[in-house]
Every structure is written in C-alpha cells, then in structure tokens.
Amino acid sequence: MRVTSTPTSQVATGDAALLRAVGFWALSAAVVNMIVGGGIFALPAALAKTVGTAAPISYLLGALTIIPIALCFAAAGSRVTATGGPYTYVGAAFGPFAGFVIGVLMWVSNVASSGGVAAGLTDQVAHLSPAFASGVPRATLLILIYTALSWLNARGVRAGSRAILSLAAIKLTPLLILVIGGLFFVHADFIRIDALPSLPALGSSMVLVMFAYSGMETALVPSAEMTNPSRLVPRATVTAILFVVLLYVGLQIVTQGILGDSLADSATPLAATAGALWPGAAVLLLITATMSMLGFLQGNLLGTSRLVYALARDGYLPSLLARVTTKTRVPIFAIVVHAGISCTLALIGNFAALVLISGGAICLTYFATSVAAWALQRRGVAEQGKPFMLPGGAMIPFIACVALALVLITLTRVEWLAISIAVAAVVALYGVMSWWRSRRA
C-alpha cells in the first residue's frame, strides 16, 4: 500500500504522520470492547430459543472457529503493519483488487453494524426513559452521541484509547460480577443437556455466535498507531479472544442456570438474571448495556475511520479523507464522514435489518484474511520486526476456512442475495475507481 508523508502548516498525509501510542492493554481492551458490544445482552435468549439447553455448546463450537481465525489475524497483523487491517492484509497477499473488495465490504459491514448498534442503544435508553423511543428525542440523542464520539476521536488516538479502556472497564465489571456471583445460584437441572440440537438449529446458532464473536478486525485496523505491531497484535488478539470465550460461556451458563425455561422468552436476559439475583440490579444491567454499546460505537469509529483513511491514502476515495491533522494527528475528515453515514443509517434503520447486512460480509472478510495469513507466511513477508508464525503451516488457516464455510452455508437465500449484490457493487466500483485513477494519472 502506498504510504507517503507530506507535512504542511495545517495537515499531513500518510502513515508516517500518525502517532504510535496504542500499547498492549489499550489494544486488548479495544478487541474486547469491539467483540463485547450490544449483542451479548440479547444473545443468551436467542440461543436458548434456537438450541435450548445446548446453547453453551454453540459458544464452544464458536470458540473452536474464532480461535483459528484470531491466530490468522495475529499472523497477518504481525507481518503487514500499515493502517487498514484486513484491507492491507489481503491487498499485500493478493493485490489491490482483492484488498479493495475486502476493504469496502468491511466498511459496509462496519457502517451497518455501527448504525444497528446505535439504533439498539436508543431502544435500551427507551426502556429507562420512554420519551426516547421515537421522533425528535430519538433523533436528537443519536446526533448527540455521534457528535460526542467524533469530538472525542478528534482529540487524538490517546484520548480515544483511554475512552475505550474506561468504557471497557465500566461495562465488563458488572458482567464479571454477574458471572462470578451467579455461578453460586445456578440450578444444575437447568443446564443439563438432554438432547443434542438438530444440524439446522446448530447452524443457525453458529451464525448468531459468530456475529457475537466478531469485532477484532476493526480493532486491528489502526496498525500504524500501535507501538510495536509485529509483537503487539498476536499477544493482544489471542489474550482478548480467550477472555471473551470464557466470559460468554459463563454468561450463558448463569442466565440459563437461573432463568431456566423462561430464558428463551426474555427480551433482556442479562438484566432479568441480575434482577432475579439482586433486586434492583436489572436497571444497572440496562445501564451497562447502554455503556457497552457506547464502547462499541467508540471502537467502531476509531477503527473504521482508519479504514476510510487507508482507502483514501491509496487513491480509492477522495484525498481529503487521507489528511491527518498536525496537532492531534488523526484523520479528522475520515472520522466525520464515517460518523455521519453511521448516524444516518441509525436514524432510518433498525438493529435487526442492519445486523443482517453486516453478518455475511464479516464471514467473507474472515475467510479472505485467513487465506492471506498463510500466503504472507509462505512468502516470508515481514514489514517490521519478527512476525508471529502460524504453527503447522497451512493447518490453522485451513481449519479456519473450513469452519467459516460451514457457517456460510447456513445463510439464507436472502442473506446470500444481499452479499452477492454487495460484492457485485464493489467490483463495479473498483472498475470505476481504476478508470478514474488512470484518467487522473
């Protein structure tokens, strides 16, 4: 990927203008923050409705899928250190066309997920204050949220990283208390698995679980702002994924072991579980859900704005989006554009519809990154420092790809149609942009 530095009195361009300030704890928190978003607050009930008491098995199978994928991300991220995440990994492995397709699909997915979670956040706030359920109050709340997050990100990557650390601590503390305290009140009969689910039901649950485990790809986009990507990305990614797996399994066991059959019908399963254990705690969990979604939106804006910056840096978007401020050294125009589009989607869309757009594109991004990780290792690509080596050569990428293929075949015809239209649009856009770049050259 082309990286240049052009300092002026007001702005600078290129990865060299970015500030390397993201360390181990900040990156680990960013990965956890992006994964533990709003979905986990509704997922235990959705899984209980889909596969019954076998729901913990879905999390463990999801872990067997996401851990090889995480290792592939760790390997690719340790070898390609330019800003862009999967966009730069796939581009370095297979050329600009493949990188562009994955980059734009990831941007579409992230914009949709940001808008979807923001819409879900207003639903949570409406539980606490019904005035925000619709109309002008809801629209005002969404605009204020994205304005505040844009202002925070404009202050610099250090301020954005500190916000992620704080929001991650605020939302994880009640969840950890719920898991640790709730384990003492679990009814063994409620978590006994009487029968294994059917394959179609298990496949549907895996799609839900993969959405719940997604997010690390966005957290890894700002590679040029990490202190030592080749060493930092593998350690932070694997640490965060293992923590999330244990947290998710623990939450499912506690909610299922306390609510029993009523879990499947609960709209707010974590809040209901907390309320059953400690009177008044349900409101605290609703507040936690709101803070969790804010943390996701903050991480999404920080990471995805860098993806927009990288696409502009390489000439696929207007060069204005690649400008970096000299004072705070952030791509301010990319931040504003991503926040504006996400806010617009949140205003006109809803959580379920926007998540549907996001899910399949993420699986394709993971598939391409897993293949790219092996290609980069086989070719010995290493841009900075000693890279992380995938043990077993092609074995881990192969396992990741097979697992993703099994998840993808469970998608419905409507979901495949949406993905196909998105890919066709991206390919057409690449042709237009290539023609425009050649004309400009």
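What's the total number of residues in the range 408-441 that are at pLDDT below 75 and either more than 18 Å from residue 101 (Cβ to Cβ) or of a type in the set (D, E, K, R) (or both)? Let's see the steps before the verdict.
In the first step, residues of the range 408-441 are kept if they are at pLDDT below 75; the result is 410-412, 414-415, 418-419, 422, 437, 440-441.
Among the residues that remain, those that are also either more than 18 Å from residue 101 (Cβ to Cβ) or of a type in the set (D, E, K, R) (or both) are: 410-412, 414-415, 437, 440-441.
Summing the residues that are at pLDDT below 75 and either more than 18 Å from residue 101 (Cβ to Cβ) or of a type in the set (D, E, K, R) (or both) in the range 408-441 gives 8.
Being in a helix (DSSP H, G or I) and in contact with a strand residue (DSSP E or B) (Cβ under 6 Å, 6 or more places away or on another chain) is the filter; apply it to the range 310-332 and report the residue that is modelled with the highest pLDDT. First the steps, then the outcome.
Applying the first criterion (in a helix (DSSP H, G or I)) to the range 310-332 yields 310-313, 319-322, 332.
After this cut, where a residue has to be in contact with a strand residue (DSSP E or B) (Cβ under 6 Å, 6 or more places away or on another chain) as well, the list is 322, 332.
Details: 322: 85, 332: 88.
Out of the qualifying residues, it is 332.
Taking the residues in the range 114-129 that are surrounded by fewer than 24 Cβ atoms within 10 Å (Cβ to Cβ) and of a type in the set (A, V, I, L, M) as candidates, determine which candidate is nearest to residue 370 (Cα to Cα).
Among those that are surrounded by fewer than 24 Cβ atoms within 10 Å (Cβ to Cβ) and of a type in the set (A, V, I, L, M), it is 125.
Determine, yes or no, whether residue 82 is surrounded by fewer than 24 Cβ atoms within 10 Å (Cβ to Cβ), of a type in the set (Gly, Ala, Ser) and assigned to a helix (DSSP H, G or I). Break it down into steps so the answer makes sense when it comes.
Working: surrounded by fewer than 24 Cβ atoms within 10 Å (Cβ to Cβ): yes; of a type in the set (Gly, Ala, Ser): yes; assigned to a helix (DSSP H, G or I): no.
Judged against the criteria, residue 82 is not a match.
Exactly one of these conditions fails for residue 288: (1) open to solvent by 10 Å² or more (accessible area, probe 1.4 Å); (2) in contact with a helix residue (DSSP H, G or I) (Cβ under 6 Å, 6 or more places away or on another chain); (3) more than 19 Å from residue 28 (Cα to Cα); (4) modelled with pLDDT under 85. Give me its number.
The number of the failed condition is (1).
Scan (1) among the hydroxyl-bearing types (Ser, Thr, Tyr); (2) at pLDDT below 85; (3) open to solvent by less than 10 Å² (accessible area, probe 1.4 Å); (4) over 15 Å from the mean Cα position of the chain (by Cα) for the single condition residue 89 breaks and write down its number.
(2)
Quick one: count up the residues across the range 346-371 that are more than 30 Å from residue 398 (Cβ to Cβ), modelled with pLDDT of 80 or more and either crowded, with 22+ Cβ neighbours inside 10 Å or of a type in the set (S, T, N, Q) (or both).
Applying the first criterion (more than 30 Å from residue 398 (Cβ to Cβ)) to the range 346-371 yields 346-354.
Keeping just the survivors that are modelled with pLDDT of 80 or more gives 346-348.
Remaining after also requiring either crowded, with 22+ Cβ neighbours inside 10 Å or of a type in the set (S, T, N, Q) (or both): 346.
Result for the range 346-371: 1.
Looking at (1) hydrophobic (A, V, I, L, M, F, W, C); (2) open to solvent by 20 Å² or more (accessible area, probe 1.4 Å); (3) under 30 Å from residue 418 (Cα atoms), which one does residue 111 not meet, given that it meets all the others?
Status for residue 111: all satisfied but (2).
If you go through the range 174-195 one residue at a time, how many are surrounded by fewer than 13 Cβ atoms within 10 Å (Cβ to Cβ) and over 27 Å from the mean Cα position of the chain (by Cα)?
Qualifying residue count for the region: 8.
For residues that are hydroxyl-bearing (Ser, Thr, Tyr) and under 15 Å from residue 33 (Cβ atoms), tally how many sit in the range 132-176. Before the answer, list the steps.
Going residue by residue through the range 132-176, those that are hydroxyl-bearing (Ser, Thr, Tyr) are 134, 140, 146-147, 150, 161, 166, 173.
Add one more test, that the residue is under 15 Å from residue 33 (Cβ atoms), and what stays is 161, 166, 173.
The qualifying residues number 3.
Looking at 310, 322, 334, which is the one that is crowded, with 24+ Cβ neighbours inside 10 Å and closer than 22 Å to residue 143 by Cβ? Can you show your working first?
Working: 310 fails: closer than 22 Å to residue 143 by Cβ; 322 fails: closer than 22 Å to residue 143 by Cβ.
Being crowded, with 24+ Cβ neighbours inside 10 Å and closer than 22 Å to residue 143 by Cβ holds for just one of 310, 322, 334, which is 334.
Can you go through 197, 174 and tell me which one is touching a residue at least 12 places away in the same chain (Cβ under 8 Å) and not in a helix (DSSP H, G or I)?
On the way: 174 fails: not in a helix (DSSP H, G or I).
197 is the lone residue from the list that is touching a residue at least 12 places away in the same chain (Cβ under 8 Å) and not in a helix (DSSP H, G or I).
Scan the range 157-173 for residues that are among the basic types (Lys, Arg) and open to solvent by less than 10 Å² (accessible area, probe 1.4 Å) and jot them down. Show your work before the answer.
So in the range 157-173, the residues among the basic types (Lys, Arg) come out as 158, 162, 171.
If the condition is that a residue be among the basic types (Lys, Arg) and open to solvent by less than 10 Å² (accessible area, probe 1.4 Å), then 171 is the only one that fits.
If you go through the range 144-156 one residue at a time, how many are surrounded by 16 or more Cβ atoms within 10 Å (Cβ to Cβ) and part of a helix (DSSP H, G or I)?
Matching residues across the range 144-156 total 7.
Residue by residue through the range 411-441, note down the ones that are in a loop (DSSP other than H, G, I, E, B) and either open to solvent by less than 50 Å² (accessible area, probe 1.4 Å) or of a type in the set (Gly, Ala, Ser) (or both).
Of the range 411-441, the ones in a loop (DSSP other than H, G, I, E, B) are 411-412, 441.
Passing the criteria: 411, 441.
The values are calculated or read from the model by the stated rules, or taken from the named source; none is laboratory data. Source: prediction; values computed, not measured. All Cβ positions, even for glycine, are placed from backbone atoms using ideal geometry, and neighbour counts span all protein chains on display. The area values use the complete protein model at the heavy-atom level, side chains included, leaving out ligands, DNA and RNA. Shrake-Rupley method; radii C 1.70, N 1.55, O 1.52, S 1.80 Å.
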